[in-house]
1. Considering each of Ser347, Ser279, Ser336 in turn, give the residue that is among the polar types (S, T, N, Q), buried (at least 21 other Cβ atoms within 10 Å of the Cβ) and touching a residue at least 24 places away in the same chain (Cβ under 8 Å).
2. Within segment 463-484, how many residues turn out to be hydrophobic (A, V, I, L, M, F, W, C), out of contact with any strand residue (DSSP E or B) (no Cβ under 8 Å at 6 or more places or on another chain) and surrounded by fewer than 21 Cβ atoms within 10 Å (Cβ to Cβ)?
3. In segment 113-157, what residues are of a type in the set (A, V, I, L, M), assigned to a loop (DSSP other than H, G, I, E, B) and within 28 Å of the chain's Cα centre (by Cα)?
4. If you scan segment 164-180, which residues turn out to be touching a residue at least 40 places away in the same chain (Cβ under 8 Å), surrounded by fewer than 24 Cβ atoms within 10 Å (Cβ to Cβ) and either in contact with a Phe, Trp or Tyr (Cβ under 7 Å, 6 or more places away or on another chain) or assigned to a loop (DSSP other than H, G, I, E, B) (or both)?
5. Hey, can you tell me all the residues within segment 265-282 that are within 16 Å of the ligand (Cβ to nearest atom) and either within 30 Å of Ser312 (Cα to Cα) or among the aliphatic types (A, V, I, L, M) (or both)?
6. I'm told Tyr457 meets every condition in (1) assigned to a loop (DSSP other than H, G, I, E, B); (2) outside the structural domain of His176 (by TED's automatic domain parsing); (3) away from the ligand (no atom under 11 Å from the Cβ) except one. Can you identify the failing condition by its number?
7. Do we have Gly210 as within 12 Å of the ligand (Cβ to nearest atom) and on the phi > 0 side of the Ramachandran plot here?
8. Of the conditions (1) over 23 Å from the mean Cα position of the chain (by Cα); (2) crowded, with 17+ Cβ neighbours inside 10 Å; (3) part of a loop (DSSP other than H, G, I, E, B), Ala431 fails just one. Which one is it?
Amino acid sequence: MWRRTFTSATALKDKKWDALIIGGGHNGLTAAAYLARGGLSVAVTEELVPGFKFSRCSYLQSLLRPSVMNELELGSKHGLKLLRSNPLSFTPCLDGRYLLLGTDKHLNHSEISKFSQKDAEAYPRDFLDLLLSPVSKVLNNWFEADVLKATLASDAVIGSTASVHAPGSGYVLLHHVMGESDGDRGVWSFVEGGMGSISKAIGSAAAEAGAHVVTNAEVSQLLIENSSTVRGVILADGTEVHSSVVLSNATPYKTFMELVPSNVLPDDFVRAIKHSDYSSATTKINIAVDKLPQFQCCKLNHPHDGPQHVGSIRIGFESMEEIHSACQDAMNGVPSRRPFIEMTIPSVLDKTISPPGKHVINLFVQYTPYKPLDGDWQDHDYRESFAQKCFTLVDEYAPGFSSSILGFDMLTPPDLEREIGLTGGNIFHGAMGLDSLFLMRPVKGWSNYKTPLKGLYLCGSGAHPGGGVMGAPGRNAAHLVLQEVRKTT
Ligand SMILES: Cc1cc2nc3c(=O)[nH]c(=O)nc-3n(C[C@H](O)[C@H](O)[C@H](O)COP(=O)(O)OP(=O)(O)OC[C@H]3O[C@@H](n4cnc5c(N)ncnc54)[C@H](O)[C@@H]3O)c2cc1C
């Protein structure tokens with residue numbers, strides 16, 4: 001595998017680069033790989049060591065575009081190894097039943113039949129009905145079993161502040177099921193070594209093509225000529241780095257409101273960016289445990305790791321109304337009294353990430369408002385009490401879970417903003433509502449990676465087609481830049 005070339009920030013100032021990328025998220029690195037393969041000299045500036053952060057945030061792969069995987073030879077040459085999970089989801093119920101769903105249609109049929117024979121027959125459907133509707137409306141039309149509807153609806157609210165009854169929630173569900181793993185539609189997988197391995201593999205492809213990655217090199221401002229044209233960036237240590245092409249992997253808000261000097265952009269553009277929706281109600285808790293959770297409902301013959309442990313485990317919501325009521329609490333300004341939790345246990349399939357017998361557990365939790373009315377996320381006791389509420393909820397389904405915890409790390413929306421650079425803590429670089437997708441992403445009139453400044457492009461999740469570890473914005477932006485550069489040479 002190729003080693004990434006880490007260049008010192010001061011070495012960057014000695015030449016004019018063909019292209020400069022702000023941020024080494026997986027999209028920034030994808031853009032770097034395509035641009036360098038297109039023959040451009042490329043530098044990537046990153047605040048900290050890239051790749052590491054992803055393990056703390058994202059936890060499942062499916063959205064990474066097969067074109068990025070294949071063209072950059074991430075699996076065949078750069079060491080990326082996907083660990084497919086099947087069954088894909090497990091929803092335990094307090095009445096002693098459970099629902100497993102996966103890629104095996106016979107398993108799905110017999111599992112759903114436990115709740116409704118009619119739903120088992122109706123399950124294989126055309127998901128396109130979902131595009132514009134509230135997810136609850138569509139699922140209520142199709143199915144009758146609450147636990148099935150809740151399991152499917154959960155993907156419609158992941159990363160959003162909206163309820164299952166919100167128009168557009170159906171699209172978020174589609175966004176989460178449109179991916180694939182090794183050619184299988186809708187299948188999620190873990191990544192050996194954690195999600196950071198995706199960035200490592202893409203970074204390795206970029207380095208192989210000649211891109212230079214500079215860490216500890218925060219960009220503090222863009223250099224703009226004649227109020228209209230980019231000519232490089234200024235790093236936080238004052239170093240000027242020159243290029244007439246700059247791609248930003250930072251959020252659109254950060255790019256235009258913090259890095260571009262004021263009075264350079266058109267007023268209507270600034271207003272649209274400033275008022276984009278960056279609300280977030282997501283908290284991530286990463287936990288080390290000394291044993292696997294034992295789900296009370298499981299009479300499965302797998303006391304240690306079994307099918308209930310390998311997929312996405314949906315805890316605390318057995319009906320869409322429970323998801324709605326968790327959301328209502330946040331609408332009223334407080335964290336959900338009974339949070340919505342998606343649990344994953346990557347160490348069941350990936351033996352490289354925890355000591356033998358011990359496990360890594362991710363809890364993706366909603367809804368936690370950015371500024372709660374009843375406390376402050378900076379307050380240690382407030383944080384601790386919310387974390388304990390989540391652990392107690394897991395205990396209802398898997399008694400003894402709390403006492404298996406060896407330690408944990410918690411990222412609330414303000415932590416995601418401060419530590420990961422996600423404006424408002426929004427996990428997608430801006431909400432994925434119908435008013436900010438397709439031609440409207442990031443804002444109306446600017447969906448093609450270009451910006452009002454000549455030479456400045458967006459290449460991160462704030463651009464079309466949006467959030468998730470996908471690589472599509474990075475790849476598309478790089479193709480556009482290569483086309484434009486070739487036109488002028
Ligand atoms: C808690 C959580 C869970 C998630 N779970 C999943 C999941 O399971 N599966 C999935 O597919 N997606 C998931 N996501 C979404 C996914 O992680 C993001 O959509 C994706 O990582 C965005 O990639 P990106 O390259 O566009 O941006 P980022 O990964 O945000 O990268 C942007 C980079 O730019 C850098 N940067 C910003 N400003 C500057 C500056 N001024 N100077 C230098 N560098 C700068 C930042 O440090 C950052 O590294 C999750 C996100 C979160 C927060």
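The values are calculated or read from the model by the stated rules, or taken from the named source; none is laboratory data. Fair warning: this is a prediction, and the values are worked out from it, not measured in the lab. Positions of Cβ are generated from backbone atoms using ideal geometry, with glycine treated the same way; all protein chains shown enter the neighbour counts.
1. Answer to the selection: Ser336.
2. Of the residues in that region, 2 qualify.
3. Leu131, Leu132
4. Scanning segment 164-180 gives His165, Pro167, Gly168, Leu174, Val177, Met178, Gly179.
5. Hits for segment 265-282 are Ile273, Asp277, Tyr278, Ser279, Ser280, Ala281, Thr282.
6. (1)
7. So Gly210 fails the test.
8. Single failed check for Ala431: (1).
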